[in-house]
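The values are calculated or read from the model by the stated rules, or taken from the named source; none is laboratory data. A quick note: this is a predicted structure, and the numbers were derived from the prediction, not measured. Please note: Cβ atoms are built from the backbone with ideal geometry, for glycine as well, and neighbour counts cover all protein chains shown.
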Amino acid sequence: MRLLKMMIVISAMSMLVVATPGYAQAPTTQQKPTTPPTTAPEQKPATPPAAAAPAPAPRPPAPFPEGAKVAFIDIQAVASNSAEGKAATAKLDELRKKKNTELLAKSNALKAMQDKLQSGGSVLNDSARAQLEKDIEKAQRDMQFAQQDAQTEVQDLTNQLQGDFQEKLNPRPPYPFNR
């Protein structure tokens with residue numbers, strides 16, 4: 001629940017950061033005052049007009065009001081560059097490597113049984129062949145279970161490490177009523 005609240009706050013802040021410059025830099029439209037048509041004949045000026053000074057270019061609006069403070073925290077960058085984040089990544093990599101080694105060993109054993117059935121299947125008697133087929137099916141089920149178990153363990157460790165990291169980033173204040 002805490003993670004959900006944090007994600008909502010971060011997304012709201014990022015929307016604020018993205019939306020504010022767009023609104024602050026919207027082009028301003030100024031209408032020139034219209035002059036009523038004159039019915040009197042125009043008079044020529046007695047002296048030639050002086051060179052009109054060019055109007056200064058309009059200053060673009062400031063993207064943020066004075067004193068505004070906006071920040072964006074890239075949690076992914078903090079996690080990948082901090083010592084705690086690197087340690088957590090190392091733990092995850094170690095667990096993945098261990099599980100991949102276990103799965104590879106089971107896969108090799110299953111392949112060996114399948115090769116034995118194909119190469120020597122015609123020589124085996126019916127009971128030995130049936131037993132080998134049962135062993136292959138059991139090994140296939142064990143392999144699927146091991147893959148699912150490995151995925152679950154990696155996901156559980158990931159969630160635990162993310163929770164611990166989130167707690168370090170945003171610790172809960174002590175409650176005065178819990179004494």
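Considering the range 69-179, the qualifying helices (runs of 4 or more DSSP H), each wholly inside and each with 1 or more residues that are at pLDDT 90 or above, run over 83-120, 126-169. Residues that are surrounded by 10 or more Cβ atoms within 10 Å (Cβ to Cβ), farther than 23 Å from Ile10 by Cα and under 31 Å from the mean Cα position of the chain (by Cα) do occur in the range 157-176, at least one of them. With respect to (1) surrounded by 12 or more Cβ atoms within 10 Å (Cβ to Cβ); (2) under 38 Å from the mean Cα position of the chain (by Cα); (3) among the hydrophobic types (A, V, I, L, M, F, W, C), the lone exception for Met113 is condition (2).
Which one is modelled with the lowest pLDDT, of the residues in the range 42-68 that are aliphatic (A, V, I, L, M) and surrounded by 10 or more Cβ atoms within 10 Å (Cβ to Cβ)?
Start the filter on the range 42-68 by keeping residues that are aliphatic (A, V, I, L, M), which leaves 46, 50-53, 55, 57, 62, 68.
If we keep only those that are surrounded by 10 or more Cβ atoms within 10 Å (Cβ to Cβ) too, we end up with 62, 68.
Values: Ala62: 70, Ala68: 78.
Out of the qualifying residues, it is Ala62.
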